[in-house]
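Undergrad: Pasting in a structure now, in structure tokens, and then I'll have a few things to ask.
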Amino acid sequence: MRKAKFSEKNLKISAGLPPEARKTPFWKRVLELLSAPSRRRMGVNVSRISAYAKDGQLVVVPDKVLGAGAGMKSKLTVAALAFSQSGKKAIESAGGKTITLIDAAKQSPTGKDVIIIK
């Protein structure tokens, strides 16, 4: 795994992570994905999230969540860098929650049973 370059965005997220989360490979991978150039990162549609995640699961998206595609069918907790208005509305209308990456790290510092969708 290559060492993550810390941009201002990564520093804010890394500073908010609990100390035990900073040492885990899961959150190191999330920081690495965040350090990728913006042209290599693309937003994730709600339909993609609902296709890969199970009901009640915590999902981490290291970019923006977009509302395009079919609606959500399962109740998920989605943590992302940013949410579009339609993406947030689609998640919450299905009974899910939208949280920040820092809140997700506090909720699951080891990254166990959490999936990354990119």
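Values in this text are rule-based calculations from the coordinates and carry no lab data. Worth saying up front: this structure is predicted, and the values here are computed from it rather than measured. Because the Cβ atoms are built from the backbone with ideal geometry, glycine has one as well, and the counts that use them run over all protein chains shown.
Undergrad: For each of Phe83, Phe26, count neighbouring Cβ atoms within 10 Å of the residue's Cβ, then give the residues from fewest to most.
TA: Result, fewest neighbours first: Phe26, Phe83.
Undergrad: Along the charge dipole of region 8-116, Cβ charges K/R +1 and D/E -1, which of Val30, Ala79, Ile99 sits furthest on the positive end?
TA: About the Cα centre, the residue reaching furthest to the positive side is Val30.
Undergrad: Per DSSP H run of n ≥ 4, the term is -39500 (n - 2.57); total these for the chain, divide by its residue number, and report the mean residue ellipticity at 222 nm rounded to 500 deg cm²/dmol.
TA: Calculated at 222 nm, the ellipticity per residue is -10000 deg cm²/dmol.
Undergrad: Most exposed first by the Cβ proxy, i.e. fewest other Cβ within 10 Å, how do Thr98, Thr110 rank?
TA: Thr110, Thr98
Undergrad: Explain nothing, just the number: dipole magnitude of region 8-116 about its Cα centre with +1 on each Lys and Arg Cβ and -1 on each Asp and Glu Cβ, in debye rounded to the nearest 20.
TA: Dipole about the Cα centre, nearest 20: 180 debye.
Undergrad: Please tell me which of these pairs span more than 26 angstrom C-alpha to C-alpha: Lys23/Lys73; Lys73/Lys112; Lys23/Lys88; Lys54/Lys112; Lys23/Lys75; Lys28/Lys73?
TA: Listed pairs above 26 Å: Lys23/Lys73; Lys23/Lys88; Lys23/Lys75; Lys28/Lys73.
Undergrad: Also: Pairs of Cα atoms under 8 Å, at least six residues apart: use those to get the relative contact order of the chain, whole percent.
TA: With pairs under 8 Å counted, the relative contact order is 28 percent.
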